[in-house]
Amino acid sequence: NQQICNRCYDLTGADLLAMVELFVTLHTRLTPTGAAGDRISGSRERPIGVRVDVLSFIGAPGNPLIPEQFDPRDQIGPPPMLDTLSMWGNHIADARDLTRPALSVSSATLFLIRHHDWASRQAWSVSYGEEIRDCAHHARMLAQLYPARPAVKPGVPCRNCDNLGLFEEPGEDRIVCPACGLRLTNAEYTDWVKWLAEFEKGRTA
């Protein structure tokens, strides 16, 4: 069986070091900004005041943040963070004849950090690395920690150089041409698209 590569070893280790902070950050993302929260799937009850996708990922038995209406069977998305961390912690503890870590994100994470070198040399290390990294990746997605991507405007040529590839810069009222650097406001871009539509209509009339 293939063992984890050096790059994945480093990335998995970095994700483990960030895991507790990600868990804390997700608690700050529980309540949707300016919204009443999500309804339980298939329920007619009023929204429960939190994001079900985040709650499903960080929820654990006895968590005081979990509303009474939330049933674990209503969970959505990938396995909860604690399930992934504790599963691998227990697997390593059993394989090394050690005491299993306590059932908490911080205890399981600390245990995995301590045994990361050993785990990365085992025949199952690729699965271990992939699941830890998937867990951290999903946490970052839910916490909205990844930078927004430019929105490409397909099929619209640049007003200045006629090249394709115009894109909207995240968080800015600008449409940019990667070829010549032209920057249009959203209003200018809308006018340009309208002109193109009228031009094409005249050609086909």
Next item on the list: Could you calculate the contour length gain from Trp124 to Cys161, that is, 0.36 nm times the residue separation minus the distance between their Cα atoms, to one decimal place in nm?
Entry: 8.0 nm
Check: Points 7 angstrom from Cα along the Cβ direction at Gln3 and Lys201: gap in nanometres?
Finding: 6.8
Check: In whole angstrom, how far apart do the alpha carbon centroids of segment 125-189 and segment 1-24 sit?
Finding: 26
Check: What shape does segment 149-205 have by the C-alpha gyration tensor, where a ≥ b ≥ c are the square roots of the eigenvalues, rounded means a/c under 1.5, and otherwise prolate means a/b greater than b/c and oblate the rest?
Finding: prolate
Notebook entry, point to check: How much FRET efficiency would the formula 1/(1 + (r/R0)^6) give for Met141 and Arg100, where r is the Cβ-Cβ distance and R0 is 30 Å, rounded to 0.05?
Noted result: 0.55
Notebook entry, point to check: To the nearest 10 square angstrom, how much accessible area does Met87 have with a 1.4 angstrom probe?
Noted result: 80
Margin query: Highest mean first, how do 192-200, 179-187, 112-120 rank when packing is the count of other Cβ atoms within 10 Å averaged over residues?
Written below: 112-120, 179-187, 192-200
Notebook entry, point to check: If you rank Asp97, Asp191 by how much accessible surface each has, with a 1.4 Å probe, what is the order from largest down?
Noted result: Asp97, Asp191
Checklist line | Tensor-based shape of segment 106-205 (alpha-carbon gyration tensor, a/c under 1.5 rounded, otherwise prolate or oblate) | finding: prolate
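The values are calculated or read from the model by the stated rules, or taken from the named source; none is laboratory data. Small disclaimer: the values here were computed from a predicted structure and weren't measured. Virtual Cβ from ideal backbone geometry, glycine too; neighbours counted across all protein chains shown. Surface areas here come from the heavy atoms of the whole protein model, side chains and all, with no ligands, DNA or RNA. Shrake-Rupley method; radii C 1.70, N 1.55, O 1.52, S 1.80 Å.
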